[in-house]
Amino acid sequence: MLPTPGTMRCLSLPSGWGFPLDRQCTFGLLLASQLLFLLYYTFGGIRSMALQLWHGPQPAWDYSKTQDVYTNLSLIQLLVPGTHHLAYCPQKPPYLVGPLAIAFNRTPSLDEIRDRNRLVMPGGFYMPPNCQARHRTAVIVPHRNREPHLRHFLYYIHPFLQRQQLQYGLYIIHQAGNETFNRAKLLNVGVKEAMKDEDWDCLYLHDVDLIPENDHNIYTCDRSHPKHVSIAMNKFGYQLQLAGMTISRPPLSVGRYKMIKHNSDRGNEQNPRRFDLLLRTRRSWTQDGMNSLVYTTLAHQRHPLFTNVTVDIGPAPRRPGTPLPKTHKGSLVSLRAAGV
Ligand code: UDP
Ligand code: MN
């Protein structure tokens with residue numbers, strides 16, 4: 001059968017080859033689609049594929065060669081804070097070093113961390129001294145009874161963020177009392193409290209025991225637009241996905257974290273109903289969460305290296321007619337679904 005005029009020919013074979021042409025065509029299309037599929041997954045989705053094509057390949061990081069996390073910080077600290085109108089910081093921060101040396105064998109003191117981060121202002125706020133930041137990021141950390149982890153976190157996160165030339169604020173949301181730890185609710189509290197301080201462009205919901213290993217993992221939500229509002233998260237994301245918001249993730253090679261090893265905490269055991277709760281969230285997320293958030297602020301303090309918000313979030317969530325779960329491990333989704 002001759003191909004009709006206007007039909008797509010896969011190969012530049014003379015027309016009239018009939019069936020063999022169709023077979024080659026199908027084979028070619030199959031091969032091409034497989035290749036595309038492979039490319040798609042290799043580059044981690046359309047967005048990063050476009051980024052790769054736009055910015056060229058990302059450097060392959062060698063994590064056996066690491067730099068001290070305070071590298072280049074003295075260069076920034078020597079700069080005199082500007083008083084006149086400042087130009088925007090460069091698109092690409094000049095102080096980044098790549099893979100960082102991270103160790104947890106010695107817990108640094110708060111005094112030492114303060115000493116090494118002289119430009120951090122009370123409340124854990126920072127602005128680059130000699131240029132106007134392109135991004136304003138709040139880092140929100142749920143916390144209870146993890147003081148050594150918090151010190152490691154502060155030690156590593158402050159120089160990391162300063163080298164990225166961000167305007168940033170660090171919020172530690174501390175759950176008072178011995179009720180079941182509710183990470184999701186604390187994060188919601190953090191978002192609410194942080195937005196009272198500043199119109200942040202970007203909110204990072206962060207675990208206290210995760211330390212970023214590469215400072216090219218920039219803590220912004222959108223690299224090119226200074227005022228774009230979106231939210232990046234490291235672990236949770238269901239509600240935002242459901243709401244049609246963007247969740248940005250760095251390329252895998254750069255988005256590496258070191259986790260501080262720990263045993264499970266009292267009051268934060270695994271919830272046997274967690275899968276059921278996740279399913280129910282699909283229906284309940286619009287009514288549950290930020291708009292039904294109730295808590296009592298017990299303290300709001302500007303510590304030298306962070307803002308501490310201590311909250312009473314009330315008893316662990318319970319649905320009417322169901323017995324109180326003995327244990328409950330929270331996540332942004334499951335606790336909202338549970339009617340927090
Ligand atoms: N967390 C805390 N105290 C607790 C339990 C959890 O501060 O008793 C916070 C802390 O920021 C931690 C995060 O919640 O990094 C996640 O909890 P966990 O580390 O237990 O989760 P997993 O290690 O299982 O991811
Ligand atoms: Mn952990």
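Tabulated values for the structure
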item	result
Residues being more than 16 Å from ligand 1 (Cβ to nearest atom) and either acidic (Asp, Glu) or surrounded by 22 or more Cβ atoms within 10 Å (Cβ to Cβ) (or both) - total across region 129-148	3
Hits in region 195-214 - residues which are touching a residue at least 60 places away in the same chain (Cβ under 8 Å) and under 14 Å from residue 137 (Cβ atoms)	197, 198, 199, 200, 201, 202, 203, 204, 205, 206, 212
Close pairs from region 81-95: first modelled with pLDDT of 95 or more, partner β-branched (Val, Ile, Thr), Cβ under 9 Å, at least 6 apart	93/218; 95/71; 95/76
Hey, residue 181 within 16 Å of ligand 2 (Cβ to nearest atom) and at negative phi or not	yes
Check on residue 116, at pLDDT 95 or above, farther than 21 Å from residue 187 by Cα and not hydrophobic (A, V, I, L, M, F, W, C)	yes
Residue 175 surrounded by 21 or more Cβ atoms within 10 Å (Cβ to Cβ), within 16 Å of ligand 2 (Cβ to nearest atom), at pLDDT 95 or above and among the polar types (S, T, N, Q)	yes
Options 33, 48, 74; residue that is assigned to a helix (DSSP H, G or I) and modelled with pLDDT under 75	48
Failed condition for residue 254, given (1) modelled with pLDDT of 65 or more; (2) crowded, with 16+ Cβ neighbours inside 10 Å; (3) outside any loop (DSSP other than H, G, I, E, B)	(3)
Residues located in region 169-223, provided they are in a loop (DSSP other than H, G, I, E, B), among the β-branched types (Val, Ile, Thr) and within 13 Å of the chain's Cα centre (by Cα)	208, 218, 220
Complete set of residues in region 300-319 that are in a strand (DSSP E or B) and in contact (Cβ under 8 Å) with a residue 24 or more places away in the chain	300, 302, 307, 308, 309, 310, 311, 312
Per-region count, region 129-151, residues in contact with a strand residue (DSSP E or B) (Cβ under 7 Å, 6 or more places away or on another chain), within 15 Å of ligand 2 (Cβ to nearest atom) and not in a strand (DSSP E or B)	2
Residue within region 149-157 that is more than 16 Å from ligand 1 (Cβ to nearest atom) and either within 15 Å of the chain's Cα centre (by Cα) or over 25 Å from residue 110 (Cα atoms) (or both) present	no
Region 163-206 - residue that is of a type in the set (Phe, Trp, Tyr) and within 16 Å of ligand 1 (Cβ to nearest atom) and, of those, nearest to residue 144 (Cα to Cα)	181
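The values are calculated or read from the model by the stated rules, or taken from the named source; none is laboratory data. Note that the coordinates shown come from a computational prediction; the quantities given were computed from them, not determined experimentally. Because the Cβ atoms are built from the backbone with ideal geometry, glycine has one as well, and the counts that use them run over all protein chains shown.
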